[in-house]
């Protein structure tokens with residue numbers, strides 16, 4: 001039965017109850033109360049269904065927007081996967097991780113990868129030795145790290161193409177910006193701390 005037809009019948013019963021003092025009006029009152037409960041339950045169900053549909057639609061829209069935003073802005077995600085979220089110092093990247101990142105960002109060929117891997121291995125060993133040396137002051141260690149990175153960069157640069165070198169310099173400038181310019185010189189590979 002549709003709602004408008006039910007409301008018309010309900011209205012007719014209410015008019016009849018108000019004008020009559022017969023026992024029928026008491027029975028009609030029970031029927032009207034039952035009909036009213038049925039109508040109110042129907043409206044309540046419709047409200048619940050509408051609210052659920054709106055919430056679902058909102059979640060879908062917000063989820064889509066967040067996903068799109070994550071795709072457009074990979075910077076913070078990359079930074080947090082490196083362990084720098086909350087300002088914490090991260091562990092040094094392994095040679096394989098650094099090479100994989102360079103390959104992904106610069107589209108290195110397998111020949112370039114095989115030439116760059118020993119350079120990164122050498123830098124990693126030098127940095128590890130430097131970190132374990134307790135006889136040097138912090139400033140001396142920083143200066144030595146800078147020279148090791150510059151040496152590594154000077155060995156990597158001739159292996160890269162012109163476009164790759166430009167992109168590499170941009171990556172290093174961006175990396176230096178994330179660290180406040182304190183750790184890596186412009187054009188140097190990611191630091192091994």
Test residue 158 against the criterion of being exposed (fewer than 12 other Cβ atoms within 10 Å of the Cβ), in a helix (DSSP H, G or I) and at pLDDT 90 or above, and give yes or no. no
For segment 132-150, which positions are touching a helix residue (DSSP H, G or I) at 6+ places or on another chain (Cβ under 8 Å) and surrounded by 14 or more Cβ atoms within 10 Å (Cβ to Cβ)? 141, 144, 145, 148, 149
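The values are calculated or read from the model by the stated rules, or taken from the named source; none is laboratory data. Here the structure is a predicted model, which is why all the values come from computation and not from measurement. Counting neighbours? That spans all protein chains shown, and the Cβs are built from the backbone with ideal geometry, glycine included.
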